[in-house]
Amino acid sequence: MLEQKINEVFGDKEPSGFGTGWWSGVLSAFFGLLSLGAVACLHFPQVLTSPELRGYYPMPLMRMLIQGLIVGAILFGLVSAMLRRKKALALTGMLLALAATLLGGASVPINETLRDGPAIGLDWFLLDMLLMTLIFSPIEVLWPAYPEQSVFRDDWLQDIVYFLSTHLPIQITSFLILLPATQLTTYLGVPAVLEAMGRLPWLVQFFLAVLVADLCEYFFHRMFHTVPFLWRFHAIHHSSKALDWIAGSRAHIVEDVVVRGGMLIPMMFIFPHDMIVAYLLFVTIHATWAHCNFGPTLKWLEPYLILPRFHHWHHTSQKEAIDKNFAIHFPWIDRIFGTYHFPKEGWPETYGLHEEKIPAGFWAQFFYPFTGKKPA
Ligand SMILES: [Zn+2]
Ligand SMILES: [Zn+2]
C-alpha cells in the first residue's frame, strides 16, 4: 500500500540512469529528509536523541553536516528540476530543506540539560541511514557481484519501509531491553568481571566482544531456522530474491528484538558500556555489508572474517546450502558447529525461500507469523 502510494507520487516512466535527473532527485529528497529530521533533533533532544550517544557528538561538526545537507538538498533539487519533467522528487527535497531552514537550520541552540530516559533515537536512525548510504551505495554501483541487478530493483521501496520501521522503533525496544538488563546487571553482575575486562587492551576487548556477540547470534539464528514457529518470523528475512545492503534490513521486528536482546544482555555482564557502543556500531556496518551486492573478495581473509560471499550463501535457495552459515562475523564458528558451506569460488545462482511462499508487502508480512496459515 505505502509502496504503491510512494510509487504513484514519485515514480514515472522516464529512464532513471545518470543524467536524467532521477539520482539528483532521489538525493535531494534524501538530504532534505535528513536535514529536517536533524533540525527536529536539535529542537527536541530529550525525546528524539539517544541518551547513549549524546555524549559522543562533536556538535560543531554535526552542525556543519546539517548545513551541508540543507545546501545539498537544494542544489540537487535544482539540478533534478532542470533535468526531469516530473518534479515531485526535486520539489519534495527542496521543500524539506526549506522547512529545515525556517525551523532554525543548523544553528538551533540546545538549552536544556538532558536526562537519561526512553527516547525515540531519531538521531541514530538518521546517522545510520546517511552512513550506510555513503558507504554502500557507491561500492554497489562501482563493483557489483551481480551487475545486472539494479539499485532500484523490485521490492527496494518495501525494503526501505523495512529500514525505517526496524531502525526507528528498535531504539525504543532496545531501551525496553536495556532497562531491565541494567537492573539485572546491577543486582547480578559481578563487578570483578567488568573490571578485569576493562584492564585488557582495547583491541582484545573488542575481539572478545565480537566473539561473544557472534556466539549468541549464532545460537539465536540457528534457533530461528529450526523452531517452526520462529522460522515464520525469520522467513521474512530470507524472502529477498536479490540481495543488496538495503535488503539486509528486511526482518520482522520480533526477530530483531529477540536477537538483539539475546546478544546485548549477556554482553552487559562482561563488557564495559563503551565497548558495547563500539560493537553496536561495528555490527551495523558489518551485518549490512554482508548483504551487499559487492563482488571483490579477499581470498586470504575469507576463512577468518565474513565477507559478502559467505552470507550470500546463507541466503541462497539452492538445496546444498539450506540451513548453513549462521554466523555473522566469524565463519569458523560455523566450521566448529558443522554448519559451514562455502565453495572455493562463485556466488549462488538463486536467492529466496526454498519451497514456501510468504505474502508480499510490509503489513501482510508483519502479521504472517501470527496467523496459523500454512506457507503456500
Ligand atoms: Zn537465516
Ligand atoms: Zn541475512
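The values are calculated or read from the model by the stated rules, or taken from the named source; none is laboratory data. Please read these numbers as outputs of a predicted model, since none were measured by experiment. Positions of Cβ are backbone-derived with ideal geometry, glycine not excepted, and every protein chain shown enters the neighbour counts. For accessibility, only protein heavy atoms count, side chains too; no ligands or nucleic acids. Shrake-Rupley method; radii C 1.70, N 1.55, O 1.52, S 1.80 Å.
Can you compute the charge dipole magnitude of the chain about its Cα centre, using +1 on each Lys and Arg Cβ and -1 on each Asp and Glu Cβ, nothing else charged? Give it in debye, rounded to the nearest 20. Write out the running numbers ahead of the final one.
On the way: 25 positive and 29 negative charges, 77 e Å.
Charge dipole, the chain, about its Cα centre: 360 debye, nearest 20.
Stokes-Einstein D for the range 176-226 at 10 °C, 1.306 mPa s, Kirkwood Rh over Cα pairs, in µm²/s?
Details: Rh = 13.0 Å.
For these conditions, the coefficient is 122 µm²/s.
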> Which of the peptides 187-196, 324-333, 144-153 is most tightly packed, and how do the rest follow, going by the mean number of other Cβ atoms within 10 Å of each residue?
Replying inline: 324-333, 144-153, 187-196
> With each label point set 7 Å from Cα along the Cα-Cβ vector, what nm distance links residue 160 and residue 188?
Replying inline: 4.3
> In what sequence, highest mean first, do 38-44, 267-273 appear when ranked by Cβ atoms within 10 angstrom?
Replying inline: 38-44, 267-273
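Accessible area of the chain with a 1.4 Å probe: how many percent of it is carbon plus sulfur?
Values: 13600 of 18900 Å².
So the carbon and sulfur contribution to the accessible surface is 72 percent.
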> For residue 145, what charge total do you get from the other residues with a beta carbon under 13 Å from its beta carbon, if Lys and Arg give +1 and Asp and Glu give -1?
Replying inline: -4
>> If you only keep lysine pairs separated by 8 or more in sequence, or across chains, how many in the range 304-376 come under 24 Å at the Cα atoms?
In response: 8
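What full-extension length gain, to one decimal in nm, is calculated for residue 322 and residue 208 as 0.36 nm per residue of separation minus the Cα-Cα distance?
Residue separation times 0.36 nm, minus the Cα-Cα distance, leaves 38.2 nm.
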> What nm distance separates the two modelled labels at residue 195 and residue 344, each placed 7 Å from Cα along Cα→Cβ?
Replying inline: 5.3
> What is the distance in Å between the Cα centres of the range 187-207 and the range 74-131?
Replying inline: 39
>> Taking a virtual spin label 7 Å from the Cα of residue 299 along the C-beta vector, which residues in the range 312-353 bring their backbone nitrogen under 16 Å of it?
In response: 343-347
> Of 301, 313, 361, whose Cα points farthest to the positive end of the dipole of the range 300-376 (charges on the beta-carbon: +1 Lys, Arg; -1 Asp, Glu; origin at the Cα centre)?
Replying inline: 361
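Okay, helix-only estimate at 222 nm for the chain: each DSSP H run of n ≥ 4 adds -39500 (n - 2.57), divide by all residues, round to 500 deg cm²/dmol; what do you get?
Values: 16 runs with 229 residues, N = 376.
The helix contribution divided over the chain gives -19500 deg cm²/dmol.
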> Between 284, 350, 113, which gets the highest mean-square fluctuation from a Gaussian network model of the chain, Cα cutoff 10 Å?
Replying inline: 113
> Summing Lys, Arg as +1 and Asp, Glu as -1, what charge do residues with Cβ under 10 Å from the Cβ of residue 294 carry, residue 294 excluded?
Replying inline: -1
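Around residue 121, under 14 Å between beta carbons, what's the net of Lys plus Arg minus Asp minus Glu among the other residues? Kindly include the intermediate steps, with their values, before the conclusion.
Values: positive: 54, 260; negative: 52, 116, 123, 128, 256.
Once positives and negatives cancel, what remains is -3.
Would you mind getting the accessible area per residue of the chain, heavy atoms of the protein chains only, 1.4 Å probe, in Å²?
Numbers: 18900 Å² over 376 residues.
Heavy-atom accessible area per residue stands at 50 Å².
If R₀ is 22 angstrom, what is the calculated FRET efficiency for the pair residue 141 and residue 20, using the beta carbon separation as r and rounding to 0.05? If you can, show how the numbers build up before the last one.
Working: r = 15 Å, r/R0 = 0.68.
It comes to 0.90.
Average projected area of the Cα convex hull of the chain, in nm²? Display every interim value, and only then the final one.
Numbers: hull surface 81.5 nm².
If I average the Cα hull's projected area over directions, I get 20.4 nm².
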